[in-house]
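Working notes, structure below.
None of the figures in this text is laboratory data; all of them are computed from the coordinates on show. Computed from a predicted structure; not experimentally measured. Note: ideal-geometry Cβ built from the backbone for every residue, glycine included; neighbour counts use all protein chains shown.
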Amino acid sequence: MTDTTKPSAGTAPDAAPGGPAAAAVQDGLPTPRRYWAASVIMLGISLAVLDSTIANVALPTISHDLGIDPADSVWIVNAYSVALVVMLLPLSSLAERVGFRRMFTMGLGLFTVASLGCALADSLFTLTLARIFQGVGAASLMCMFGGLVRHIYPHAKLGRGISVNATTVAIMSVLGPTLGSAILSVAAWPWIFAVNVPLGILGMFWVRFLPDVPRTDTPFDAISALLNMLTLGVFIIGVDKLVADPVKGVGLIAISLVAGYFLVRRASRQTAPLAPVDLLRLQPIAYAVAASACTFAAQMASYVSLPFFFQTVLGRPALQVGMLMAAWPIGTAIIAPLAGRLSDRYSAATLSGVGAAAMGIGLLVMTLLPHDVGNTAIMVTMFVCGMGFGFFQTPNNRSMIGSAPRSRSGAIGGLQATTRVFGQSCGTALVATAFGLTATHGQSLALILGAVCAAAAVLVNTVRFKAVPAGARS
């Protein structure tokens with residue numbers, strides 16, 4: 001597919017040296033600037049992904065040192081996640097107005113300062129507050145990864161660029177808990193946040209290599225931003241409350257649905273809305289979003305339930321869980337480069353369908369493994385699931401990002417990130433539901449529900465293959 005979209009009359013170039021007008025229409029960045037820009041994106045991904053996982057292993061230590069209840073310490077993680085998801089779309093819309101490079105710089109700066117605030121925190125309140133600001137900084141970075149890749153790589157190499165991002169995510173997912181444990185073994189818990197500071201400062205010297213992306217001069221829609229925060233933030237909190245307080249959980253979800261209705265209604269009357277429902281009218285994007293939500297729900301349902309499954313069903317000690325879990329992202333990291341190259345040549349519907357099918361089959365096989373199975377068989381099954389996930393992710397993201405007009409690069413980046421986080425939130429809710437239905441077999445049921453989500457992604461890709469014209473499938 002060749003993107004022939006021109007910047008609209010209402011856009012202005014991102015102020016930067018190097019010929020912004022020419023950069024707006026050129027097919028990717030020239031080398032070596034392309035490599036430097038890609039390295040900035042990899043750094044941003046690394047920081048955002050690491051801090052979504054590295055804090056988990058430190059929660060018991062933080063609870064003890066700050067003298068707080070372990071249940072309350074969960075908000076150290078939740079505060080980051082909620083801030084991240086509610087700010088993705090508003091910040092992606094704001095980036096289209098202030099400039100991608102400027103937004104990335106502000107986000108990286110906020111993330112770095114907030115990381116220092118986390119390291120200096122001396123109470124649950126100050127740490128949670130710093131984590132909220134850290135989540136906003138991470139959202140400022142994550143909302144632009146997809147859009148920036150669109151401008152960094154030439155169209156013929158777009159799939160390879162996306163595979164680099166996917167590989168970075170997979171590697172950082174492996175390193176997060178491991179790095180957190182390593183830091184805690186030699187230093188106090190504040191250092192798991194302090195390590196971000198020198199990396200953030202280093203990244204400030206690289207942002208000048210980012211592409212010059214056209215800006216829009218239309219006003220920022222603050223009302224839609226507020227409705228978006230209510231829709232997504234209240235929904236996640238409501239899902240979290242479903243098991244402990246079903247009435248409150250259902251009430252919060254109902255509020256989020258009402259806010260979502262008015263958000264979509266408002267967006268449907270706008271040309272380039274904050275909630276990019278206009279992009280969902282493009283078939284390749286609509287199918288890619290649906291498939292992505294299903295697959296990330298399957299991935300998160302698996303990630304949350306597998307540690308319980310390994311320990312309570314297969315009888316593995318806690319020390320082995322990390323090793324067994326690592327096989328999944330390793331499989332994703334290995335297959336992502338191949339998936340990237342293939343996605344530049346073959347249909348995203350075919351490649352993503354095969355990947356989702358492999359992932360679903362792997363999850364079903366996991367539930368059928370005997371109790372006395374060896375660790376090698378478990379890791380092979382996890383490796384297959386990871387390869388399937390990686391084989392799905394890159395072609396599907398390429399289809400989503402590559403099908404959007406260049407003038408809507410910020411919106412498609414925000415939509416991609418929001419879809420991922422929303423799918424993961426639904427996957428977590430499925431685990432809570434499975435555990436609520438049956439305490440004895442909840443772990444296995446959660447994996448089966450994950451496989452059902454993967455099967456739904458296969459179905460979406462089957463329909464996509466038939467519905468989307470061959471020239472627009474990739």
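In debye, nearest 20, what is the charge dipole magnitude of segment 28-206 about its Cα centre with +1 on Lys and Arg Cβ and -1 on Asp and Glu Cβ, if you could check?
Details: 9 positive and 6 negative charges, 217 e Å.
Dipole about the Cα centre, nearest 20: 1040 debye.
At a 10 Å Cβ-Cβ cut-off, how would you order 352, 409, fewest neighbours first?
Details: 352 33, 409 26.
Result, fewest neighbours first: 409, 352.
Could you calculate the contour length gain from residue 312 to residue 346, that is, 0.36 nm times the residue separation minus the distance between their Cα atoms, to one decimal place in nm? Mind dumping the intermediate values first?
On the way: separation 34, 0.36 × 34 = 12.24 nm, distance 4.19 nm.
Extra length available between residue 312 and residue 346 comes to 8.0 nm.
How much length would be gained if the chain were fully extended between residue 261 and residue 280, taking 0.36 nm per residue of separation minus their Cα-Cα distance, in nm to one decimal?
Working: separation 19, 0.36 × 19 = 6.84 nm, distance 1.56 nm.
The span from residue 261 to residue 280 would gain 5.3 nm if fully extended.
Place a point 7 Å from the Cα of residue 72 along the Cα-to-Cβ direction; which residues of segment 115-159 have their backbone N under 11 Å from it?
Counting only backbone N, you get 123-126.
Among 320-329, 109-118, 445-454, how do they line up from the highest to the lowest mean number of other beta-carbon atoms within 10 Å?
Working: 320-329: 19.3, 109-118: 21.4, 445-454: 24.5.
Highest-to-lowest ranking by the protection proxy: 445-454, 109-118, 320-329.
In nm, give the distance between the simple-model label positions of residue 270 and residue 254, each being 7 Å from the Cα along the Cα-to-Cβ direction.
2.8
Quick check of the Kirkwood formula: for the chain, what is the inverse mean of 1/r over all pairs of different Cα atoms, in Å? Don't skip to the end; give the middle numbers.
On the way: mean 1/r = 0.0445 Å⁻¹.
Across the chain, the inverse of the average 1/r is 22.5 Å.
Amide H to amide H, which residues 5 or more places from residue 216 or on other chains are under 5 Å from it, using H placed in the peptide plane?
Under 5 Å from the amide H of residue 216 lie the amide H atoms of 12, 97, each far enough along the sequence or on another chain.
Quick one: dipole size for the chain, taken about the Cα centre, charges +1 on Lys/Arg Cβ and -1 on Asp/Glu Cβ, in debye to the nearest 20.
The dipole of the chain has a size of about 1460 debye.
Can I get the semi-axes of segment 37-188's equivalent ellipsoid? Compute them from the C-alpha gyration tensor as square roots of 5 times the eigenvalues, in angstrom, largest first.
Details: eigenvalues 175, 63, 26 Å².
After diagonalising the Cα gyration tensor, the semi-axes are 30, 18, 11 Å.
Calculate the FRET efficiency for residue 243 and residue 204 from the Cβ-Cβ distance with a Förster distance of 41 Å, rounded to the nearest 0.05. Don't skip to the answer; put the middle values down first.
On the way: r = 43 Å, r/R0 = 1.04.
For R0 = 41 Å, the calculated efficiency reads 0.45.
Points 7 angstrom from Cα along the Cβ direction at residue 368 and residue 113: gap in nanometres?
5.6
Length gain on complete extension for the stretch residue 188 to residue 217, per 0.36 nm per residue less the alpha carbon to alpha carbon distance?
5.7 nm
Would you mind computing, in nm to one decimal, how far apart the modelled labels at residue 438 and residue 463 are, each placed 7 Å from Cα along Cα→Cβ?
Simple spin-label model gives 2.9 nm for this pair.
Could you name the aspartates and glutamates in cross-link range of residue 248, using Cα to Cα under 19 Å and dropping any fewer than eight places away on the same chain?
72, 240
For the chain, build the charge dipole from Cβ charges (+1 Lys, Arg; -1 Asp, Glu) around the Cα centre, then report which of 375, 443, 155 sits farthest towards its positive end.
155
Exactly which trypsin sites (Lys or Arg not before Pro) in segment 251-300 are in a DSSP loop and have at most 12 other Cβ atoms within 10 Å?
Values: sites: 265, 266, 269, 281; in loops: 269.
Passing both the DSSP loop test and the Cβ count: 269.
Using the Cβ atoms and a cut-off under 15 Å, what net charge is assigned to the surroundings of residue 138, where Lys and Arg are +1 and Asp and Glu are -1?
Numbers: positive: 131, 420; negative: 51.
So the surrounding residues net to +1.
Using DSSP to define loop residues, name the trypsin sites (Lys or Arg not before Pro) in segment 202-254 whose beta-carbon has at most 13 other beta-carbon atoms within 10 Å. Write out the running numbers ahead of the final one.
Numbers: sites: 208, 215, 241, 248; in loops: none.
The qualifying sites: there are none.
Please give every one of the aspartates and glutamates within straight-line cross-link reach of residue 157, meaning a C-alpha to C-alpha distance under 18 Å, and leave out same-chain neighbours fewer than 8 residues apart.
Cross-link targets: 3, 27, 344.
When ranked by the protection proxy of mean other Cβ atoms within 10 Å per residue, highest first, what sequence do the peptides 340-351, 78-89 form? Mind showing how you got there, number by number?
Values: 340-351: 21.1, 78-89: 24.0.
Peptide ranking by packing, descending: 78-89, 340-351.
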